[in-house]
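Data block below; observations after.
Please treat every number below as a calculation from the coordinates, not as lab data. All figures in this text were calculated on a predicted structure; none of them were measured in a lab. Here the Cβ positions follow ideal geometry from the backbone for every residue, glycine too, while neighbour counts run over all protein chains shown.
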Amino acid sequence: MAKNTICLWYDKDAEDAARFYAETFPDSAVGALIRAPGNYPEGKQGDVLVVEFTVAGVACIGLNGGPAIKHNEAFSFQISTEDQEETDRYWNAIVNNGGRENDCGWCKDKWGVSWQITPRVLMEALAVGGDEAKRAFDAMMTMRKIDVAAIEAARRG
């Protein structure tokens, strides 16, 4: 296990979520499944309690802790994309697998985890600053999934 690991709380589907992430994003994998050594409030001995996994190279564990704690936008994965095809692929994988769209390139997967599917061109435009950044920002504010061509057009003015 990595020295610093993100722990994500799931009701009971940490393994399903980890497998979905591993199938969807490069440099992602499912590692060890740790089973409960005894009964606990939301499960029984032998149930999968913890799943070790990576998402785009980031070490994570999924904890099946029950329904008491829900994900929110205070935490999200930001996935940088190179073009519209890659943006569409990740966005559609999340949204079409029980997830939902949100504004400005954000979406949620069916487990409630927030994702920012962010084309590189958008971050580059924002980093430039000035009028170019403002035009790209204003264009982004009207979008759900980011439209790369529209961001590029906004950058050019």
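Under 10 Å from the Cβ of K110, count the other residues' Cβ atoms, weight Lys and Arg +1, Asp and Glu -1, and hand me the total.
Once positives and negatives cancel, what remains is -1.
Rank A36, M143, Q116 by how far each Cα sits towards the positive end of the charge dipole of the chain (+1 on Lys, Arg Cβ; -1 on Asp, Glu Cβ) and give me just the farthest.
Value: A36.
Could you work out the longest stretch of the chain that avoids the GluC sites (Glu not before Pro) located in DSSP loops with at most 16 other Cβ atoms within 10 Å?
Between the exposed loop sites, the longest stretch runs 83-157.
As I understand it, the dipole of the chain uses +1 on the Cβ of Lys and Arg and -1 on the Cβ of Asp and Glu, about the Cα centre. Which of V55, A14, Q45 lies farthest toward its positive end?
About the Cα centre, the residue reaching furthest to the positive side is Q45.
Shape call for the stretch 1-67 from the C-alpha gyration tensor, a ≥ b ≥ c root eigenvalues: rounded (a/c under 1.5), prolate (a/b greater than b/c) or oblate?
Taking the square roots of the gyration eigenvalues as a ≥ b ≥ c, the stretch 1-67 is prolate.
With the chain treated as a Gaussian network of Cα nodes joined by springs under 10 Å, which of Q116, Q78, Q45 yields the largest mean-square fluctuation?
Q45
For G99, which sequence-distant residues (separation of 5 or more, or a different chain) have an amide H within less than 5 Å of its own amide H, given hydrogens modelled in the peptide plane?
Answer set, sorted by chain and number: K110.
Using a simple charge model, +1 on the beta-carbon of Lys and Arg, -1 on the beta-carbon of Asp and Glu, nothing else, what dipole does the stretch 71-157 show about its Cα centre, in debye to the nearest 20?
220
When the Karplus curve 6.51 cos²θ - 1.76 cosθ + 1.60 is applied with θ = phi - 60°, which whole-Hz ³J(HN,Hα) does each residue of the stretch 110-119 get, with x for Gly and Pro?
5, 8, x, 6, 8, 10, 10, 9, 10, x
In deg cm²/dmol, rounded to 500, what helix-only [θ] at 222 nm does the chain give when every DSSP H run of at least 4 residues adds -39500 (n - 2.57) and the total is split over its residues?
-10000 deg cm²/dmol
Please go through the stretch 1-99 and write out the chymotrypsin sites (Phe, Trp or Tyr not before Pro) that DSSP classes as loop and that have at most 12 other C-beta atoms within 10 Å.
F75
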